[in-house]
1. Restricting to segment 450-491, and then to whatever is among the basic types (Lys, Arg) and either modelled with pLDDT of 80 or more or not in a helix (DSSP H, G or I) (or both), can you tell me which residue is surrounded by the most Cβ atoms within 10 Å (Cβ to Cβ)?
2. Which condition number does VAL240 fail, the rest of (1) modelled with pLDDT of 85 or more; (2) part of a helix (DSSP H, G or I); (3) hydrophobic (A, V, I, L, M, F, W, C); (4) surrounded by 22 or more Cβ atoms within 10 Å (Cβ to Cβ) being met?
3. Open to solvent by less than 30 Å² (accessible area, probe 1.4 Å) and under 20 Å from GLY142 (Cβ atoms): does that describe SER269?
4. On the given criteria, is THR278 under 17 Å from PRO81 (Cβ atoms) and either open to solvent by 10 Å² or more (accessible area, probe 1.4 Å) or hydroxyl-bearing (Ser, Thr, Tyr) (or both)?
5. Filtering segment 378-409 down to residues that are open to solvent by 80 Å² or more (accessible area, probe 1.4 Å) and part of a loop (DSSP other than H, G, I, E, B), which residue is modelled with the highest pLDDT?
6. Determine which single condition VAL296 fails, assuming it passes every other condition in (1) crowded, with 17+ Cβ neighbours inside 10 Å; (2) farther than 23 Å from LEU75 by Cα.
7. Taking segment 216-243 only, how many residues are farther than 21 Å from GLN74 by Cα and more than 29 Å from the chain's Cα centre (by Cα)?
8. Please tell me if VAL379 is in contact with a helix residue (DSSP H, G or I) (Cβ under 7 Å, 6 or more places away or on another chain) and β-branched (Val, Ile, Thr).
Amino acid sequence: MTITTTNNGNDVVALRVQQQNLEPKRSIGNGTGIEDLDDDGKPRRTGSTLTASAHIITVVIGSGVLSLPWCIAQLGWVVGPIALAIFAYITFYTSSLLADCYRYPDPSSGKRNYNYSEAVGTFLGQKMKMACGIIQYVNLFGYSVAYTITAVVSMVAIFKASCFNKRGSADTSCTISNLPFMIGFGICEVILSQIPNINELTLLSTIATLMSFTYSSIGVLLSINKIAKGNTGKTTLTGVEIGPEFSAADKIWSTFSAIGDIELAFSFSLVLIEIQDTMKGPAENKKMKVANLISVTTTTMFYALCGCLGYAAYGNDAPGNMISGVYDPMWLVVLANVCIVVHLVGAYQVFNQPLYATIESWSSKKWENSKFVNHDYSVSIPGFKNKKCHINMFKIVWRSCYVIVVTLLAMALPFFNDILAFLGATGYWPLTIYFPIAMYISRKKIKKYSLKWIALQSLSGFCLVCSIAAACGSVRGISKSLASNPFKAKN
């Protein structure tokens, strides 16, 4: 069900939509006072720098952090940490440029752009808006698939830990299919997907953020424990060494894939405008820049700890998922995997709410007279006096179908690292680099071939080359995984 609760009999204006004037505002009951509305006539936003930081950390620290020891293993002690630092700075810089594109023409008091593609359309035109929308929503769909795969890997690890504890680690009966766990995760997301919009996700996002810090810290502790015991793998300045079982071509392709994983680890721009649209005005851009700084600094510190300590512990044989396959101490590993699952449940929703809102806004305009699409049924909540929930049949059906499709695709492509690298490669450059820089050039009216224009275009070109290389590496990795074992997850 799509639910909005109300108190003391005072119903509120229906769901805030992302695109201005795409969906008529529906008022039920006594209405909303003018003091409860923002300058654009929508329900007053209450988000802060802290809540925005929580949303960003929720979507950033997730699948990416678990693969960082593997990334450092491919790149080595020299290139690995440098790559982390470079992409962290680039991401912070371009996200700050993007924060100034929320309003137009003045970044502090102009007309609002309610989502990323709308901002691109305002600054770069309708063709670019359409291209941005396709890239953004395909990537949101892809992240949903990746998060489903990651959550299931952790669920399987929890089951195996429990099984090993009862029967011993050599018991082959602990092997289990991923499919039941994927179905269970999908059912959970079908239910949570009925939360109306991103404004209602603050509690879930906060819990998910705490979970991300918890399992990242556990990953660091596990690495420190392994290092303290002296049971570490071999590390080198250049990473995995070329040998009989690892050719020069393999080295090149794995390096490309590692770059894609690092790009993914810093990809949050595709929901940045939507998060900024939850913030209380005025001057949301200044608050958002602080939130970006807090988020990027925090995540980079955790990334460096997880990646470098993980590589120091496991060496060149670092696994694709730093917690998967580790069972000592068992209780701590189980706790880490539980935190991963809880975090990804929340991150899944934060990523998909912009997609939900866009489709629902478009549908509301397309079928204005359809009761199935636009009518909300008011239902009293048993045990709660003067509280109601509003049920929309279209939202129930379409959101549920979306989660089902994501779950089915996750069953078909259970290849962790290569899926992550492909998502990072295809989404990072256009959404994190190209569009923010292009909008900044347009807003500041920077002259073509000026020194600043050349510097910005050089930055964009560098990231484009990295993304193309990462995409090639990830496609090769997916092809090899499908050819060797199409039904076994790569943990």
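1. Checking each candidate, the answer is LYS490.
2. Condition not satisfied by VAL240: (2).
3. Working: open to solvent by less than 30 Å² (accessible area, probe 1.4 Å): yes; under 20 Å from GLY142 (Cβ atoms): yes.
Judged against the criteria, SER269 is a match.
4. The answer is no for THR278.
5. So the residue we want is PRO382.
6. That leaves (2) as the condition not met.
7. First pass over segment 216-243, keeping only residues farther than 21 Å from GLN74 by Cα: 217-218, 221, 225, 228-230.
Subsequent filtering for residues that are more than 29 Å from the chain's Cα centre (by Cα) retains 225, 228-230.
The total comes to 4.
8. Criteria not met by VAL379.
The values are calculated or read from the model by the stated rules, or taken from the named source; none is laboratory data. Just so it is clear, the model here is predicted, and its values are computed rather than measured. Ideal geometry is used to build each Cβ from the backbone, glycine not excepted, and the neighbour counts take in all protein chains shown. Accessible surface areas use protein heavy atoms only, side chains included; no ligands, DNA or RNA. Shrake-Rupley method; radii C 1.70, N 1.55, O 1.52, S 1.80 Å.
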